[in-house]
Amino acid sequence: MKKIEAIVRPEKMEDVKEALNNIEVHGITMYQVMGCGTQHGMTEVVRGQHVDIHLMAKIKFEIVVSTDEWAEKAINAIIDSAYTGNVGDGKIFVYDLDNVIRIRTRDTGAAAINPPQGEES
């Protein structure tokens with residue numbers, strides 16, 4: 001099992017959601033986050049003063065998939081939909097998971113990630 005964390009531009013949020021939905025990855029958690037990397041923030045004019053803003057608004061996706069094959073599909077979908085070719089496109093982090101537990105049914109592992117037959121989780 002893999003956990004994928006992707007940090008992308010806010011304007012790419014809908015594109016990434018749609019791309020993941022198109023490959024039938026539905027278990028997604030999203031956050032509005034602030035951060036900086038190579039982009040180093042920006043300078044804005046606020047009430048006539050130049051203000052350095054060091055943290056940029058980003059969207060963080062968290063996705064858990066059951067196999068390496070699904071991880072590869074999800075990663076490619078994120079890259080293809082979030083890419084602009086400019087600094088600040090984001091990063092993807094991939095982690096191995098030891099276990100996942102669905103609280104309601106106590107299912108573990110892949111069974112906890114995939115919806116039971118005939119039902120969505």
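The values are calculated or read from the model by the stated rules, or taken from the named source; none is laboratory data. The structure displayed is predicted, hence computed values, not measured ones. All Cβ positions, even for glycine, are placed from backbone atoms using ideal geometry, and neighbour counts span all protein chains on display. Quick note on the areas: whole protein, heavy atoms, side chains included, nothing else; ligands and nucleic acids left out. Shrake-Rupley method; radii C 1.70, N 1.55, O 1.52, S 1.80 Å.
Among the numbered conditions (1) touching a helix residue (DSSP H, G or I) at 6+ places or on another chain (Cβ under 9 Å); (2) open to solvent by 40 Å² or more (accessible area, probe 1.4 Å); (3) outside any loop (DSSP other than H, G, I, E, B), the only one that I59 does not meet is (2). Kindly establish whether D96 is touching a Lys or Arg at 6+ places or on another chain (Cβ under 9 Å) and at pLDDT 95 or above. Yes; evaluated as a whole, the condition is true for this residue.
Within region 27-84, if we keep just the residues that are at pLDDT 75 or above and hydroxyl-bearing (S, T, Y), the residue that is farthest from N114 (Cα to Cα) turns out to be T84. Please verify whether region 91-101 includes one or more residues that are open to solvent by less than 30 Å² (accessible area, probe 1.4 Å), in contact (Cβ under 8 Å) with a residue 60 or more places away in the chain, of a type outside the set (D, E) and within 25 Å of C36 (Cα to Cα). No - not one qualifying residue is present in region 91-101.
Scanning region 67-88 for residues that are among the polar types (S, T, N, Q), in contact (Cβ under 8 Å) with a residue 24 or more places away in the chain and either farther than 16 Å from N21 by Cα or surrounded by fewer than 16 Cβ atoms within 10 Å (Cβ to Cβ) (or both) returns T67, T84.
If only residues of region 2-21 that are open to solvent by less than 40 Å² (accessible area, probe 1.4 Å) and among the aliphatic types (A, V, I, L, M) are counted, the one that is farthest from D68 (Cα to Cα) is V8.
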